[in-house]
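These notes are about the structure you will find just below.
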Amino acid sequence: MAHTTWAAETCKQMVATGNPEYPPYLWRDGADGSHLVGANADLVQMVAKEIGIPIEVRYVGSWARVQEEARLGRIDLIAGAFFTVDRLTYMDYVYPAFRETHSVLWGRQAAPLKYRQWSDLKNLSGLTVINNSFGEDFDRYAKANLKINTVPSLEQAFKILQLGRVDYLVYEEDPARAYIAKLGIAGLVPVNPSVSNESLYLTLSHKSPCNTSEVRAALAKAMYNLAKQGVMKKMVESNIQLWKTK
């Protein structure tokens with residue numbers, strides 16, 4: 001590719017990472033624990049091809065550790081981060097976003113939820129997984145007005161919901177669908193409208209030696225082309241199936 005020449009001078013290869021507990025987007029490779037696989041890893045390989053720079057998608061630890069590694073410049077890219085003002089202090093966001101994610105309520109088919117707006121949840125009991133965020137607005141509203149308990153794992157949350165001990169579960173739609181497929185859970189359904197929508201971005205560490213105007217421009221162009229082709233939808237579906245068999 002034409003841009004490989006300039007790229008090779010400043011940036012021979014890059015290391016990307018991300019949240020390792022985020023199927024179908026990213027999870028740790030069962031065959032090789034030092035790498036991450038999933039829809040975001042597939043996307044990163046397409047980006048690498050577009051810009052002519054090899055990118056390794058490496059496992060570096062927990063989501064908190066991933067953000068610290070980006071802050072220190074020990075990795076180049078995060079493959080999938082929501083926008084927060086704080087993160088602008090240590091990384092650049094590559095526009096456009098590559099995926100719009102939806103956090104939804106999950107209910108039981110046997111006891112359909114009557115839900116149109118957040119206030120409909122005031123007299124109901126909810127559940128989510130500890131340390132999960134669903135956008136600043138909903139988090140703030142929930143804290144002040146709703147009764148939402150937390151549990152350590154999504155699997156546990158699904159069981160409690162199935163048993164009817166809570167009225168609803170709040171969780172991001174695609175990861176929840178991946179777990180439902182893997183665990184073979186029946187009788188749970190997502191409820192519209194979503195409680196919040198967040199965009200997932202590719203980000204580039206400020207301290208990465210590859211953070212040059214040329215590389216940023218090439219990444220943005222690649223993301224624009226791939227977003228226009230709508231490649232993520234297909235990759236999310238195929239990775240839900242892949243995760244199911246792991």
Counting only DSSP beta bridges with both partners in the chain, the antiparallel fraction in percent, to the nearest 5, comes to 70
Computed D for segment 60-114, Stokes-Einstein, Kirkwood radius over alpha-carbon pairs, 10 °C, 1.306 mPa s, to the nearest µm² per second, is 114
Starting with the highest mean, order 150-157, 76-83 by the number of other Cβ atoms within 10 Å, averaged over the residues of each peptide.
76-83, 150-157
Inter-site label distance for residue 131 and residue 241 at 7 Å from Cα along Cβ, in nm:
3.3
Protein accessible area in segment 113-246, 1.4 Å probe - carbon and sulfur %
49
Restricting to Cα pairs below 8 Å that are 6+ residues apart, what does the relative contact order work out to for the chain? Please round to a whole percent.
30
Expressed in Å to one decimal, the Kirkwood Rh of the chain from all distinct alpha-carbon pairs is 19.1
Counting only DSSP beta bridges fully inside segment 1-119, the antiparallel percentage to nearest 5 is 55
Bins of 10 Å, beginning at zero and ending with the bin holding the largest distance: percent of Cα pairs per bin for segment 1-140, please.
9, 33, 30, 17, 8, 3, 0
Sorting 28, 74 on solvent-accessible surface, 1.4 Å probe, most exposed first, gives 74, 28
Return one whole number: the accessible area per residue of the chain in Å², for a 1.4 Å probe.
50
Just read off the accessible area of residue 89 with the full protein assembly in place, 1.4 Å probe, to the nearest 10 Å².
90
Please report how far the C-alpha centroid of segment 64-97 lies from that of segment 174-246, rounded to the nearest whole angstrom.
15
Taking only the C-alpha atoms, wrap a convex hull around segment 113-246 and report its volume per residue in Å³ as a whole number.
160
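The values are calculated or read from the model by the stated rules, or taken from the named source; none is laboratory data. These figures come from a predicted structure and were not determined experimentally. Quick reminder, even Gly has a Cβ in these numbers, built from the backbone with ideal geometry, and neighbours come from all protein chains shown. The accessibility values were calculated without ligands, DNA or RNA, using every heavy atom of the protein model including side chains. Shrake-Rupley method; radii C 1.70, N 1.55, O 1.52, S 1.80 Å.
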